[in-house]
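First comes the structure, then the notes that go with it.
Bear in mind that the values in this text are calculations on the coordinates, not laboratory data. Everything numeric here is computed off the predicted structure, so don't read it as measured data. Note that we place each Cβ from the backbone using ideal geometry, even for glycine, and neighbour counts take in every protein chain shown.
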Amino acid sequence: MSEGGEVAVPIESRALERYRLIEPFLRGARTLASIAGQADVNLRTAQRWVDLYRRDGLEALAQKQRVDRGSKRAMSQKMVETIEGLALERPRVPISAIYRELQEFAAKTGERLPSYPAVYRVVKAIPISLMTLAHSGTRMYCERFDLVHRREAARPNAIWQADHAQLRIQLLREDGTTGKPWLTIVIDDYSRAIAGYYLGFEPPSVLRTSLALRQAIWRKTDARWPICGIPDVLYTDNGSDFTSRHMEYVAADLKMQLVFSTPGQPRGRGRIERFFRTVNEMFLCTLDGYAGKSRRKPSLTLDAFDALFKAFLLHTYHCRPNKADELSPVQRWEKGGFLPRILDSLERLDLLLVHEAKERKVRPDGIHFHRLRYLSPVLAAYVGESITVRYDPRDVGEVRVFYRDKFLCRAISAELTGAVVPLREIVRSRNQRRNELRGILKNRQQAVDALLDLKRGHVSKEPDANSTVAIQPAAPKLKRYRNE
């Protein structure tokens, strides 16, 4: 550093930097005022640089700069803190209002009033993160400036993400009205491939989540959609459908870990949030009823929209290569010959995911459930017993009956299915159950009789099967009257 607060800066660099700044003005492309305003340079300084260049050339622009250039040399620390404090007030106030406050402050305290450009520079020098925290609050600050711990999967099916979103499109309902559908998505974090989804007008629920997971876990009939299996981790938000006891039971049975994101901070679920944006930008914007194009009236039903969405998923989204490794989601999921974990039967998966469980008691005329009556010949042996009914909310024509956690039978509702259990089967099952109970009673009565004989001291030996001695029948007892 040289005397006078000057710092040694290469002359060529300093001169070239100033020339680049005024060069658009010299070519007549821009005004000097716009150049000076954008570069935060005083207009008179820029005019002086132009005069120096025109008179003496590039070397004239190579004047040394001071170290304290741009600092608030004429401003006390107290004045700087006052300006910053006013700028950080909520709600945000314009710089002109801050300057008027400073005029009153300087008059009362005797501080030197800075110029308006100096106040402007102090306000603009405040970090944007500090301004965001002061004016927009903690939540906006966290979304924009907090470091994010993003979970990264090392292989397919290591982490799945699940979430719901209401799509920005109007569809036709069965009654002719319109509504926005909800889309539930299950995505593989490693490959970005969609493992399963569910579309419907009803809002997020445990059933929606279960139906999406059912499709995600089980094998698809379409060979173009190979994604399936049980993930190691299911990463979701803190919605009631994800944190329910049902999902906790499902996760424990499938040996799948449930992990929830931090409340109010969705950035950890970047894969699935990005997919919803892709759906809006690449798929919905071309359809009738899209919210961004009011001139296109709704014309699609839910079934038609579902078919279009599946085609988009298989033909477009799953086939787009990623910029990082040039692999499509399906190729990345299949890379390395990955073998997923999967259940042995679809029925077990249905019982676990889709079928809700309710406790009931078997009545003489069957099982009463949802104001319907369910009947099966097997139930004849369990009248009066408490059983568990599992059912699919989408199809209540039949229920599955469990007794002491073991599958018992399927009971049907004649009102819904039209199927009737024949009377002869009911009579046969009823008689069979009655005979079984009589056999049990006879066996128990023999045990009681043996106990009574033991108490009376009449211990009788069991006859030897190989013995040739004939067993004499017991003598009949004489009937006695009350007066004897």
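Picking from P226, V250, T177, whose Cα lies most toward the positive end of the charge dipole for the stretch 159-334 (charges on Cβ: Lys, Arg +1; Asp, Glu -1)? It is T177, whose Cα lies furthest towards the positive end.
Assuming charge only on the beta carbon of Lys and Arg (+1) and of Asp and Glu (-1), the dipole of the stretch 160-294 about its Cα centre is about 280 debye to the nearest 20.
In a DSSP loop and with at most 11 other Cβ atoms within 10 Å, the trypsin sites (Lys or Arg not before Pro) in the stretch 284-371 are R295, K323, R371. Dipole magnitude for the stretch 306-394: about 220 debye, using +1 per Lys or Arg Cβ and -1 per Asp or Glu Cβ, origin at the Cα centre.
One Cα centroid belongs to the stretch 269-330, the other to the stretch 17-59; the line between them spans 50 Å.
Sites listed here are GluC sites (Glu not before Pro) in the stretch 275-350 whose DSSP assignment is loop and whose Cβ has at most 13 other Cβ atoms within 10 Å: E326.
Amide H contacts for L408 (H built 1.01 Å from N in the peptide plane; partners 5 or more residues away or on another chain; cut-off under 5 Å): V401, F402, Y403.
Of the residues W160, W218, W333, W49, the one with the fewest other Cβ atoms within 10 Å heads the list, and the complete ranking is W218, W49, W333, W160. For the stretch 157-173 versus the stretch 331-397, the inter-centroid distance based on Cα atoms is 26 Å.
Taking the number of Cβ atoms within 10 Å of each Cβ as an exposure proxy, the fewest-first ranking of R271, R390 is R390, R271. Applying both filters, DSSP loop and at most 15 other Cβ atoms within 10 Å, to the GluC sites (Glu not before Pro) of the stretch 81-132 gives E89, E111.
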